[in-house]
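**Q** The following block contains the structure, expressed as structure tokens.
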Amino acid sequence: MEDTAKKITTKKEFFKQYKKKSRLQEIWKMFLKNKLAVIGLIIFIIIVLVAITAPLIANYDNEAIKINVPNRLKSPNSEHILGTDELGRDIFARIVHGSRISLIVGLSSVAVALFIGGAFGAIAGFFGGTVDNIIMRCMDVFLCLPDVLLALAILAAFGTNLVNMTIAIGLSFTPKFSRVVRSAVMTVRGIEYVEAARAIGATNVQIITKHILINCIGPIIVQVTLYVASAILTISSLSFIGLGIQAPIPEWGNMLASGRAFMRDHAYIVMAPGLAIFITILSLNLLGDGLRDALDPRLKQ
Amino acid sequence: MDIKKVNIEGNTLEIRNLVIEYVSDDEVVKAVNNVNIIIGSGKTLGLVGETGAGKTTTALSILNLVPGPQGKIVSGEVLLEGKNVLTMSEHELEELRGDKVAMIFQDPMTSLNPVLTVGDQIAEGLEIHRKISKKEALKQAKEMLELVGIPADRAGEYPYQFSGGMKQRVVIAIALACSPDLLIADEPTTALDVTIQAQVLLLINKLKKKYHMSMLMITHDLGIVAEVCDEVSVVYAGHIIEHGTLEDIFDNLRHPYTKGLFDALPNIEARRSELKPIKGLMPDPTNLPSGCPFHPRCDYVMDVCTKVLPENKWLSDTHRVQCHLYKDTNNSML
Amino acid sequence: MIKYIIKRLIYMIPVILALTFVVFTIMYFTPGDPTAVILGNEYTEEASMQLKQELGLDKSFIVQFFNYVKNLIRGDFGISYISRAPVSEQLLGRFPNTFKVVAGAMLFCVCLGVPIGVLSGTKPYSLFSNITMIIGLLGVSLPIFWLGLLLILLFSVNLGWLPSSGIDGFPSLILPSVALGANYMANIMRTTRSSMLEVIRQDYIRTAKAKGVSQRNVIRKHALQNAMMPTITVIGMNIGALLGGVVLTETVFSIPGTGRFLVESINKRDTPCVLGCLVIMAICVAISNLIVDLIYAYIDPRIKAQYSGGRS
């Protein structure tokens, strides 16, 4: 009896490995077929590289921050490829450095949402019943408030600094995220191999970690990608209305806000930052869509 | 209800050399490979085979509803009462469907529109083909409901309010509303409980006789074939590997696959004997074996089977088989 | 049906209460002393104590919340710290403008997004469909405020066709509505399209075709109603997003609405006004969710039957 159980386990492991590897390969192959998604991935990687190597590309203090009034409002030329803003700062340098803030706050706020929302969602989805009900009712309340407004409320109360922004935006995504995780967990929980795992005596914890989480990762990764896009949009929006990253720190949103007064005669001043936001969000959306399509088994037909 | 004219000149359905493929970016599924079918007026043909053998695709081609753009009809003709369905215009097809030929699909749970009442769904066909008013159509729809054993006053209810078996009856009512000449039943009882299966079969049989319809019964259940069919075509990997009357197939089968199908049935009398499944699996339709598609699983395989597709050999007026074993003889080689 | 409406209305109340509680709590914990903000230069310990008593700020959290809700029910949103005018007055003056912009955006979204999505979903491999897919992808990624600025640049500055600010008359509504709605229109278009595609693959569409129903009627009678359901859900979810985005739109187009008022109040640390704006917006979202649910129930017979005592 014990021997057969052991045989099953090792055979199971063997098949699981085999299945996992080829499944990942399959997903990757499907993803690659989607040209738009690949473009999105490439663009996003470029943006990340730019953010990481920002100080090497453009000097922060001299070009991005230092005010140089005689140099102000120069159209794009050979020295300043994107021109200079109303305080004489090089727009290109500011955009490059701005990418850091956007990415850092974007990624960390989604991380916050992932941990908090994910924890609640996983618990709600796994245990179901009253626990699920209570948690979801609480989350439903938050769903009534638009994300930006919730973040605004928190920032209004506690002030606008980087940490607060991360937490505020993260918290505003938490309810939606918990829903996603919850439904992913609930779908997987019902599937037969969880029963099979139980049948060979795996404990609840083992089940959660080995089986459920691994298979929830798919939809969660898709949502994470799309939420990072949303987060970056939210940061720029908040900075645009003055309740986010404050000057002189370069952030694409606040660059648009300060350049706005001059856009009639110097249109380029609002082009670059806006394009930066647009392209970043676009690449993430393409990536997220591509991941979603690659992971959806139905689309294989 | 309107009773159709009894005798139609010629065959209700003739399918000639039909080849259908599903083409996607990286692979070609050979779903239907040179299929020939004849259904005479008032006769019932059973199309028997395992899931994935190409039966549903063949049936859909009769309505010219093979799902595009992947589904491509490569060659062949489908003659419904002498007219080739594959070359008709969309308008002509719309007139035919539901009126001359109707189909009962496999899964009753998803075949009905959830937001329309069952009465409306039955009446729709009547409105289109009989050119009558909505009120009149609804009245006739209620009569159809009674015919299939559902109280007429349930016509205003929605599909979710019916059980699986009753939904299938509604599907049957929809199919028969305009008393078609040919009824195609695609595994009509597979999704139902065993007890309901019997009821639905009885109903189909009764209505078939009443309206003098020809029928194409698609199934993998030999029991159903025995109950309902006059002739049988056995399908494997998109090929019809044996065809004959009920006697030909049940008493005088010739093809090893047909033998396998019958052997696989559990034998209540010989309780001790082991179940005898056909070894191996259905072939991958994107990569069919060379020569005869059944050869990897055949107990009687010969060298020629792996290289050459067997020709059709007529063993009698009614019985034909596609197998190298019968190249030189008509007697059973099994 | 009526029972369903009443049930949902009743359900809305605890939700709004809970929301008010959340927002109130957040604002309550604002560091700093509101009396300092109000009194400004005239700040003294005494005056501060007096003011606190006047405003009820010396009571406990629960009592304060309770009082707030009590007043809310009577329509009293409190008094602005800065202007000393009733918040409700200021909200009343500005809310109609916000409403106009949001309504305009909603119309733009639905009237354009849904038909294009349906057409695109019906003919999935056509040029039209591919173009709409690309526009959809681009549209979802466009930041509202940038689009607003670009629209102003093009239509106001360069072409001079439309005004770039204020809210008098219909032409001034066009650019803000488009800017606000573009994102969501793209969203709705994509959802409608994929929902149509999903529905067309269903078995009951095949049944309808097998009956001889013409292609046009297959779409109109069978596919549309079923495809609308996810679309309506998305439209509903987007209303909240529209209210979030209107803050940006009002800033870009200098529209005196609730959104801009909110931002100004935050900058001035005028808590009652902030609270008032947030509560009003939350109520709007709750009401629009209710309307969406009702429409949903009307379309889907399964839900309708549940509440009109039909057989289940």
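Read-outs: derived from the displayed coordinates by stated rules, not from any lab. No experiment lies behind these values; they were computed from the predicted model shown. All Cβ positions, even for glycine, are placed from backbone atoms using ideal geometry, and neighbour counts span all protein chains on display.
**Q** Calculate the mean, over all residues of peptide C:264-277, of how many other protein chain Cβ atoms lie within 10 angstrom of the residue's Cβ.
**A** Values: counts 0, 1, 9, 4, 0, 2, 1, 2, 0, 0, 4, 2, 0, 3.
Mean number of neighbouring Cβ atoms from other chains: 2.
**Q** Here's something else I'd like to know. Any idea what log10 I(q)/I(0) is at q = 0.10, 0.13, 0.15, 0.18 Å⁻¹ for region C:90-260, Debye with uniform C-alpha scatterers and no solvent?
**A** With one equal scatterer per Cα and no solvent, log10 I(q)/I(0) is -0.44, -0.67, -0.82, -1.03.
**Q** If one takes the longest principal axis of the Cα atoms in chain B, at what angle in degrees, from 0 to 90 and to the nearest 10, does the Cα axis of helix B:194-211 lie?
**A** Taking Cα atoms only, the helix is inclined about 70 degrees.
**Q** Give me the base-10 log of I(q)/I(0) for region C:253-302 at each q in 0.14, 0.19, 0.24, 0.30 Å⁻¹, Debye formula, one uniform scatterer per Cα, rounded to two decimals.
**A** -0.50, -0.67, -0.84, -1.02
**Q** Across peptide C:10-23, what mean number of C-beta atoms from other chains lies inside 10 Å of a residue's C-beta?
**A** Mean shielding count: 3.
**Q** Counting only DSSP beta bridges with both residues in chain B, what percent are antiparallel, rounded to the nearest 5?
**A** 60
**Q** Separate question: Give, rounded to the nearest 20 debye, the magnitude of the charge dipole that region C:90-260 has about its Cα centre when Lys and Arg contribute +1 at Cβ and Asp and Glu contribute -1 at Cβ. List each step's numbers first, then the result.
**A** On the way: 13 positive and 4 negative charges, 156 e Å.
It comes to approximately 740 debye.
**Q** Grab the DSSP H runs of chain B that are 4 residues or longer, score each as -39,500 (n - 2.57), total them, divide by all residues and round the 222 nm result to the nearest 500 deg cm²/dmol.
**A** Rounded to the nearest 500, the figure is -8500 deg cm²/dmol.
**Q** OK, next. What is region B:273-334 by shape, rounded, prolate or oblate, if you read a ≥ b ≥ c off the alpha carbon gyration tensor as root eigenvalues and call it rounded for a/c under 1.5, prolate for a/b larger than b/c, and oblate otherwise?
**A** Oblate, because a/c is 1.5 or more while a/b does not exceed b/c.
**Q** I've got another one for you. Counting pairs of Cα atoms in the protein assembly as shown, how many percent are more than 39 Å apart? Could the numbers behind the result be given before it?
**A** Details: 251169 of 447931 pairs.
Considering the protein assembly as shown, 56 percent of its Cα-Cα pairs are separated by more than 39 Å.
**Q** I've got another one for you. Is the C-alpha gyration tensor of chain C telling us rounded, prolate or oblate? Criteria: a/c under 1.5 is rounded; beyond that, a/b larger than b/c is prolate, otherwise oblate.
**A** oblate
**Q** What helices in chain C pass both tests, a Cα length along the helix axis of 24 Å or more and a mean Kyte hydropathy of 1.0 or higher, using whole DSSP H runs?
**A** Membrane-span-like by this criterion, though nothing is claimed about a membrane: C:2-28, C:87-122, C:224-252, C:271-299.
**Q** Separation between the residue C:28 and residue C:134 pseudo-spin-labels, each 7 Å from Cα along Cα→Cβ, expressed in nm?
**A** Between residue C:28 and residue C:134, the label points sit 5.5 nm apart.
**Q** Still on this structure: When Cβ neighbours within 10 Å are restricted to other protein chains, what is their mean count per residue of peptide C:25-33?
**A** 3
**Q** Using a ≥ b ≥ c from the Cα gyration tensor of region A:24-177 (square roots of the eigenvalues), is it rounded, prolate or oblate, where a/c under 1.5 gives rounded and otherwise the larger of a/b and b/c decides, a/b for prolate?
**A** Cα axes put region A:24-177 in the oblate bin.
**Q** Please report, to two decimal places, log10 I(q)/I(0) for region C:172-217 at q = 0.22, 0.23, 0.25, 0.30 Å⁻¹ as given by the Debye formula with identical point scatterers on the Cα atoms and no solvent.
**A** Log10 of I(q)/I(0), two decimals: -0.77, -0.80, -0.87, -1.00.
**Q** How large is the Rg to Rh ratio of region B:21-99 when both quantities use alpha carbon positions and Rh follows Kirkwood?
**A** 0.97
**Q** Further question on the same structure: For region C:100-120 and region B:64-90, what is the separation of their Cα centres, given in Å?
**A** First find each Cα centre; the distance between them is then 40 Å.
**Q** Determine one quarter of the surface area of the Cα convex hull of chain B, which equals its mean projected area, and express it in nm² to one decimal.
**A** That works out to 18.5 nm².
**Q** By DSSP, what percent of the beta bridges with both residues in the protein assembly as shown are antiparallel, rounded to the nearest 5?
**A** If we restrict to bridges inside the protein assembly as shown, about 65 percent are antiparallel.
**Q** How far is helix B:134-147 tilted off the main Cα axis of chain B, in degrees rounded to 10, range 0 to 90?
**A** 50
**Q** Hey, what angle do you get for helix B:118-130 against the long axis of chain B, alpha-carbon based, 0 to 90 degrees rounded to 10?
**A** Tilt relative to chain B: about 90 degrees.
**Q** Taking 7 Å along the Cα-to-C-beta vector as the label spot, tell me the residue B:198-residue B:331 distance in nanometres, rounded to one decimal.
**A** Here the modelled spin labels are 4.2 nm apart.
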